Amino acid sequence: MNTIVAPSLLAADFSDLKSEMKWLNSSSAEWIHVDVMDGHFVPNITFGPLMVKTLRNLTDKFIDVHLMIENPNKYIEAFRKSGADNITVHYEACVHLHRVIQMIKDTGANAGISINPHTNVELLRDILPYVDLVLIMSVNPGFGGQKFIETTYSKIERLHKMREEQNLDFLIEVDGGVSIKNAAKLVENGVNVLVSGNAIFTSENPVEYIEKLSLV
Ligand code: DX5
Ligand code: ZN
């Protein structure tokens, strides 16, 4: 299976989203990653469901919504109605994580969970059978363009091992500081979906860059 590339729109030119989506649509990126931040769970504020609705009208690609918000249960329905294909919530933001995952599944969307760099991946063991995706944060969430945290490799390796032991098929996604420099090692360790913002959008030829990432 080819690696799925999910360009992060946080690094896009918001003044010209239509053109950004046009070239993204022509690229080999299978997913579009949308970072939703609320200024509480993370120290930054970004997009809401209206943005997802706008994007839904501009692309047929799989829309991957990463909710970096408190009380994500309140917004699941709205993001699904706006056109999200996958909805990922943070482990750290959910007291009743199993219920929230169920809520996402009930809307018909894929359900993902994400963990911050300090969260032990072993804590996910009992929820793994219920999710379609686990998103490992390789930077502290909130901003694009940060440096990749090196301990992420072993975390992904441990998650990959748990996936094999439990004979599960959820996808492993990594987000933060991902570029062509670390992509191959990430995929070797078990990653299926590479989220990448700055590396793609600041490269000389973003379409080619995405192609390279998908072939690592
Ligand atoms: C960070 C976001 C990321 C971010 C990645 O909180 O979740 O998706 O856009 O951007 P880069 O690839 O620039 O680190
Ligand atoms: Zn993200």
Where a label projected 7 Å from the Cα of residue 148 along Cα→Cβ would reach, residues of the range 1-41 with amide N under 16 Å: 3-8
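Helix-only mean residue ellipticity at 222 nm, the chain, DSSP H runs n ≥ 4 weighted -39,500 (n - 2.57), per residue, nearest 500. What is it?
Taken over the chain, the calculation gives -9500 deg cm²/dmol.
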Residue 81-residue 123 FRET efficiency (beta carbon distance; Förster radius 35 Å; 0.05 resolution): 0.70
1.4 Å probe accessible area per residue over the chain, in Å²: 46
Size of charge dipole - the chain - debye, nearest 20, with Cβ of Lys, Arg +1 and Asp, Glu -1, no other charges: 220
Relative contact order (%) - the chain, alpha-carbon pairs under 8 angstrom, separation at least six: 22
Greater than 21 Å apart at Cα, pairs in 22/81; 105/185; 155/212; 22/212; 105/147: 22/81; 105/185; 155/212; 105/147
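Figure the gain on full extension for residue 168 and residue 181 (residue separation times 0.36 nm, minus the Cα-Cα span) and round it to one decimal in nm.
Extra length from residue 168 to residue 181 when fully extended: 1.8 nm.
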Portion, in percent, of the accessible area of the range 36-195 that falls on carbon or sulfur, probe 1.4 Å: 49
Only Lys, Arg (+1) and Asp, Glu (-1) charged, at Cβ; the range 110-216 dipole about Cα centre in debye: 280
Column: log10 I(q)/I(0), Debye, Cα scatterers of the range 24-134, q = 0.15 Å⁻¹: -0.61
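The values are calculated or read from the model by the stated rules, or taken from the named source; none is laboratory data. Remember, predicted model here, so these are calculated numbers, not experimental data. When we count neighbours, we look across all protein chains shown, and the Cβ atoms used for this are built from the backbone with ideal geometry, even at glycine. Accessible surface areas use protein heavy atoms only, side chains included; no ligands, DNA or RNA. Shrake-Rupley method; radii C 1.70, N 1.55, O 1.52, S 1.80 Å.
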